Amino acid sequence: MNNNLTGQRCPSCAVGILHDDSKIVTQEYKGHTYQSQMHGAFCDQCDEAIVSFDAAEEVAWLAFRDQVDRQEASQLEGIRKRLKLTQAQAAQLAGGGKNAFSRYENGQAKPVAAVINLFKLLDKHPELIKELI
Ligand SMILES: [Zn+2]
């Protein structure tokens, strides 16, 4: 990729010179790591990087997050079924309205972390459900 910032002085440290480069950047989403390659102008003296927007990378990152969300939704559905709860009963436990679980499981809504964590705990310790209903 050609970058017209190459050769310019770094705006951050004012000492280094920017050069065209790419770096592997690791991002995390809900405990899943994702690596993408970022292109841009990197300073040879400090950590400054002026990263150029890459639409294909952005699409791939969003698709990765969608996939994680779908995995999470199907995991939640699996746990609910193992606990022998209907969607309505699960929603009563977790809050969020009586349609919350159908919305989570078909991807219309994302459960907050507390819901996921509650159901992960109940999956490991199903006997605790007696404390809640
Ligand atoms: Zn710099």
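The values are calculated or read from the model by the stated rules, or taken from the named source; none is laboratory data. These numbers come from a predicted model, not from an experiment. As a convention, Cβ positions derive from the backbone with ideal geometry for all residues, glycine included, and neighbour counts pool all protein chains shown. Protein only, heavy atoms only, side chains kept; ligands, DNA and RNA dropped before computing areas. Shrake-Rupley method; radii C 1.70, N 1.55, O 1.52, S 1.80 Å.
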**Prompt:** Which value in deg cm²/dmol, rounded to the nearest 500, describes the helix-derived mean residue ellipticity at 222 nm for the chain, given -39,500 (n - 2.57) per DSSP H run of n ≥ 4 and division by the residue count?
**Reply:** -13000 deg cm²/dmol
**Message:** Once you place label points 7 Å from the Cα toward the Cβ at Val15 and Ala113, how far apart are they in nm?
**Reply:** 3.7
**Message:** Through the Karplus equation 6.51 cos²θ - 1.76 cosθ + 1.60, θ set to phi - 60°, convert the phi angles of region 108-125 into ³J(HN,Hα) values in whole Hz; use x for Gly and Pro.
**Reply:** 6, 9, 9, x, 6, 4, 4, 5, 4, 5, 4, 6, 5, 5, 5, 5, 7, 10
**Message:** To make sure I understand the rule: partners must be lysines, Cα under 29 Å from the Cα of Lys124, and not fewer than 8 residues away in the same chain. Which ones qualify?
**Reply:** Lys30, Lys81, Lys84, Lys98, Lys110
**Asked** So, counting K/R as plus one and D/E as minus one, what does the shell of residues with Cβ under 11 Å around Val51 add up to?
**Response** -3
**Item:** Per-residue HN-Hα couplings for region 41-53 [Karplus 6.51, -1.76, 1.60; θ = phi - 60°; Hz; x = Gly/Pro]
**Value:** 9, 10, 6, 8, 10, 10, 8, 4, 9, 9, 8, 8, 6
**Fill in**
Residue-normalised value, i.e. accessible area per residue, for the chain at 1.4 Å probe, in Å², stands at 65
**Message:** Can you give me the % of accessible surface on the chain that is carbon or sulfur? Probe 1.4 Å, all protein chains present, nothing else counted.
**Reply:** 50
**Request:** May I ask you to compute the full-extension gain from Arg82 to Ala55, defined as 0.36 nm times their residue separation minus their alpha-carbon distance, rounded to one decimal in nm?
**Result:** 5.7 nm
**Request:** Would you mind calculating the gained length between Ala63 and Gln35 on full extension (0.36 nm times residue separation, minus the Cα-Cα distance), in nm to one decimal?
**Result:** 8.8 nm
**Message:** Need the C-alpha centroid separation for region 21-45 versus region 47-125, integer Å.
**Reply:** 25
**Request:** Give the Rg/Rh ratio for region 54-133, taking Rg as the radius of gyration of the Cα atoms and Rh as the Kirkwood radius, to two decimals.
**Result:** 1.07
